[in-house]
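Remarks on the structure that follows.
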Amino acid sequence: MTTIKTIVVFLLTLLAAISTAEETAEPPPEPEPRRIELGRPGEDYYLEADRVVGNFAAGIRTIRALGRVRLVQGPTEITADELYYYDLEQIALLKGRVMVLDTEKDARLEGRYLEYHRASRYVIVTEEPKLFLLNRAGGDVLVRG
């Protein structure tokens, strides 16, 4: 009987140690996103994403990016779930949870599908567009109409 009691106590102690170790274990760090320079040297225009595939030949470059997509051009930052970039046309198509943040214009634009024209910095949002004016005092303003 003492042997069984000793085994039970040992197993309970082991289970307690395992559950404590699981509670304190830190999740593995997320991998760094892959960064692709899109502009000329010294130009602030780049793409970051978890996964980037495409044709990177000079003059043809087409890119598909997936997961935590971030497209930055100067004060404008666009985030999305997925991106298709066409270098020759200087157009990016973004899908998923899309958000444009322009710190120069104090504006945020959100939607589900966005077309970005690099040369003119022109943006078209065709699915669920919402425009917010950033209020530095707090509480952004949703623009309707």
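Among the residues of region 122-136, which ones are charged (D, E, K, R) and in a strand (DSSP E or B)? Break it down stepwise before answering.
Keep residues of region 122-136 that are charged (D, E, K, R), which gives 127-128, 130, 136.
Result: Glu127, Lys130.
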- Message: Exactly one of these conditions fails for Ala58: (1) farther than 19 Å from Pro33 by Cα; (2) surrounded by 15 or more Cβ atoms within 10 Å (Cβ to Cβ); (3) of a type in the set (A, V, I, L, M, F, W, C). Give me its number.
- Response: (2)
- Message: Can you say whether Ala65 is under 29 Å from Phe132 (Cβ atoms) and in contact with a Phe, Trp or Tyr (Cβ under 9 Å, 6 or more places away or on another chain), as far as the supplied structure shows?
- Response: yes
- Task: Look at region 46-102 and say how many of its residues are among the polar types (S, T, N, Q) and either outside any strand (DSSP E or B) or over 14 Å from Leu114 (Cβ atoms) (or both).
- Result: 3
- Scan region 57-73 for residues that are under 23 Å from Gly96 (Cβ atoms) and out of contact with any Lys or Arg (no Cβ under 6 Å at 6 or more places or on another chain) and jot them down. Arg61, Thr62, Ile63, Arg64, Ala65, Arg68, Val69, Arg70, Leu71, Val72, Gln73
- Task: Test Thr103 against the criterion of being under 27 Å from Glu32 (Cβ atoms), under 18 Å from the mean Cα position of the chain (by Cα) and at pLDDT below 90, and give yes or no.
- Result: yes
- Query: Applying the selection to region 123-140, what residues are under 11 Å from Asp106 (Cα atoms) and β-branched (Val, Ile, Thr)?
  - Reply: none
- Query: Within the set of pairs 6 or more residues apart or between chains, which connect a residue that is in contact (Cβ under 8 Å) with a residue 12 or more places away in the chain and over 22 Å from Asp81 (Cβ atoms) inside region 38-57 to a residue that is assigned to a strand (DSSP E or B) and polar (S, T, N, Q) with Cβ atoms less than 7 Å apart?
  - Reply: Asp44/Gln73
- Task: May I ask you to verify whether Ala92 is modelled with pLDDT of 80 or more, over 13 Å from the mean Cα position of the chain (by Cα) and closer than 30 Å to Lys130 by Cβ?
- Result: yes
- Item | Selection from region 19-59 of residues that are of a type in the set (Lys, Arg) and either more than 21 Å from Glu89 (Cα to Cα) or modelled with pLDDT under 70 (or both) | Arg34, Arg51
- Task: Only one of these is under 21 Å from the mean Cα position of the chain (by Cα) and either surrounded by 18 or more Cβ atoms within 10 Å (Cβ to Cβ) or in contact (Cβ under 8 Å) with a residue 12 or more places away in the chain (or both): Arg136, Arg97. Name it.
- Result: Arg97
- Scanning region 103-121 residue by residue, the ones that are under 15 Å from Pro75 (Cβ atoms) and assigned to a strand (DSSP E or B) total 4
- Sole miss for Asp87 among (1) modelled with pLDDT of 90 or more; (2) surrounded by 17 or more Cβ atoms within 10 Å (Cβ to Cβ) is condition (1)
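Regarding Gly139, is this residue of a type outside the set (Val, Ile, Thr), farther than 12 Å from Leu71 by Cβ and in a strand (DSSP E or B)?
No, not satisfied.
The values are calculated or read from the model by the stated rules, or taken from the named source; none is laboratory data. Just so it is clear, the model here is predicted, and its values are computed rather than measured. Neighbour counts run over all protein chains shown; Cβ positions are idealised from the backbone, glycine included.
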